[in-house]
Structures are given as structure tokens and as C-alpha cells.
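Reviewing the structure listed below.
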């Protein structure tokens, strides 16, 4: 086991004692001051390690830095030392959103955390919001409650990410459709193309968009477009109510590390690519599957081919649900838009209701229409 430590001076002695007791006293330990953690993480990304121990006191600004580290070292396990922090702490919440679920609140618990299996979203959800703790909020699953976490909790934009299970499955089109639907609903929305500079903006702008959204497009109201490999950098600007990231084809681990409030994974729509399901979600047995928590699955298309893939995915869902009920959800068939940008509204609009279902939980609740006898 190779370990790398980024720690503050206050925690260094206690962590060193724990590592020495386990025969890991020669592990590299980088002692940094407050706010120097992001730079130390960037340097650590160049060094192979199986475990990274990170002190939250080296922040602020660790969320994006952790995401970049996870992209550079997707196999590394990160254990966050959050001494003195309470559930709901904004700095810890940002790191959890980047996909770090092993949270230790005191150095004495570090050894136990290293011995146990990596934690999942269920154990870390309360750091996003104390009401997400297991057993709270009406008995809903953690997946449902995480998706229902709205902007008012942190007054920051809601991040929706579209990730492809394979190349060419329509991830860019899916991100475009969601973005334009939100803008059509009147919500200010930024489309982030993570595979800059093409292909996403070719459907929206005739020019190459900036890395940071500067002003809304003239063609579509409420819409900003930018190219940025780190969507959280756009989220932190708090410029629009929603940020939709087109991640393209990425691995399941990278998709989970995007820290999205709602992650939509686009499946292939051709039966000839059914093997991609098993390549993407490889499992040695029913208890070992690599798929992100709190994700929804979609297939672009409604024809016979797409339905066959949806049926194949449903068999996979049923198989996995025996030992892990509710872990996976059925795929939603999304009609291919007739035009791009898509046009919403009208009696023959079959696309808008499907998108509303797909992103349900991150949209504000619609106002209930009152009868005439309630009006003044």
C-alpha cells in the first residue's frame, strides 16, 4: 500500500503516530499551511498512490482540486480528515460532491477507516445536508434524497451532468436537450462542454465559446455556453441557476467524481452495442459492480432498437436489484429532437414531458393552479 499525506501542522503528529503503528512511518507526508492544499493536491496527482489522506484544514477551495486529483488518479482512495467539522460544513460538502466518501472526524479513527472497505454515498450524505442521514426524511432512499437536494441549501447552481456509457451514444445531444428545456422553462442555464471546443457549441453558437461564460447567447434566452474541463469552476461563479455539463464518454468512476446533483448516464441505443453495458458496469459477482450512486439512465431514441436496449438494461437492473434493491433504475427513452436546438411547446411536443421526468427532483415544484373560487 502506497500512501500520500497532505496535512496541517496541527494534525501531523497524530497522523504520523497512526501510520507508524501500522508500519507506514516512511509514507510521504506533506505539511502545508491553510489554503495551500489545492496546490499540494496538484503536485500529488503526479505521484502514484493507492491512498491519499487529506486534511480539510489545508483548504479552502479543495473541492475542485480533489476532482482534478481524482481525474489524474482515479484508482486512488481518498480519506478526508475533517477534525472539528460538523455535518453540513460547506468545505466538506464540496469534497463529498467531488466523490470523496471516507470522512474521518478525529485522527484516532483513521486506522479504522483504513481497515474497512471504502465508504459509499450513504455514509457521506449527511455531510451534504444533515437531513440526508440514513433513516431521515420520510424513509426515502439516499439516491432519491440526494437528487432532491435543491439550490436553496447552498444558494449555488444545480449541476446536471450527462455522461456517455460509450462513444457516439448521443451524450452531447442529451446535454443540449436538457439545457434548452431548462432555458425554455425560464431558468438561467449554462451549458459546459467538457470536451472543448467541439462539438456541443456547434448546435448553439457559430463561434468558439469562452472558458468562462461571459454573457447569454443572443439566439436562445436564458442560455450561456462555455468550454471548461471543470464544471465546478462554473458552478462556483453562481452566475446561473443551473449548470449542465456535457462530459462525453467517460468511465463510471470519472462520472461519479463530477460531483453532479443529478448524473444522467446515456446508454447505447443499438443492440449491437449491448456488450458496452457489461464493459461499463463490470462486476465479478452480484456484489461488485462499478456504477455511480444517485444516477439516472437514458437512451436517446424511441424506436425498436432503443426499446431492445432498454429491455436489456431492465434485465440487468433486475439481476442487480436482488442483492441491492433500488441501486439501479430503468432506462428512460428520450425522443430524438426534430431540430437542434429543440423546440418545445405545442400539442405534439412529446419531448418536454420526458425531459421533465428525466430531471425530476432538481426542478422547482410547479405552482398549483387554484380554482376560480379561491381567487380574489
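The values are calculated or read from the model by the stated rules, or taken from the named source; none is laboratory data. These figures come from a predicted structure and were not determined experimentally. Ideal geometry is used to build each Cβ from the backbone, glycine not excepted, and the neighbour counts take in all protein chains shown.
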Tell me yes or no: at least one residue of the range 24-38 is touching a helix residue (DSSP H, G or I) at 6+ places or on another chain (Cβ under 6 Å), in contact (Cβ under 8 Å) with a residue 24 or more places away in the chain and assigned to a strand (DSSP E or B).
yes
Say whether the condition of being exposed (fewer than 15 other Cβ atoms within 10 Å of the Cβ), modelled with pLDDT under 85, farther than 13 Å from residue 171 by Cβ and not assigned by TED's automatic domain parsing to the domain that holds residue 98 is met by at least one residue in the range 290-305.
yes
Does residue 46 satisfy the criteria of being more than 25 Å from residue 116 (Cβ to Cβ), in the same structural domain as residue 126 (by TED's automatic domain parsing), surrounded by fewer than 21 Cβ atoms within 10 Å (Cβ to Cβ) and in contact (Cβ under 8 Å) with a residue 60 or more places away in the chain?
no
Suppose we filter the range 167-198 for residues that are over 18 Å from residue 223 (Cβ atoms) and touching a strand residue (DSSP E or B) at 6+ places or on another chain (Cβ under 6 Å); how many remain?
5
Between a residue in the range 232-246 that is over 17 Å from residue 264 (Cα atoms) and any residue that is at pLDDT 90 or above and not in a strand (DSSP E or B), which pairs come within a Cβ distance under 7 Å, given they are 6 or more apart or on different chains?
240/188; 241/187; 241/188
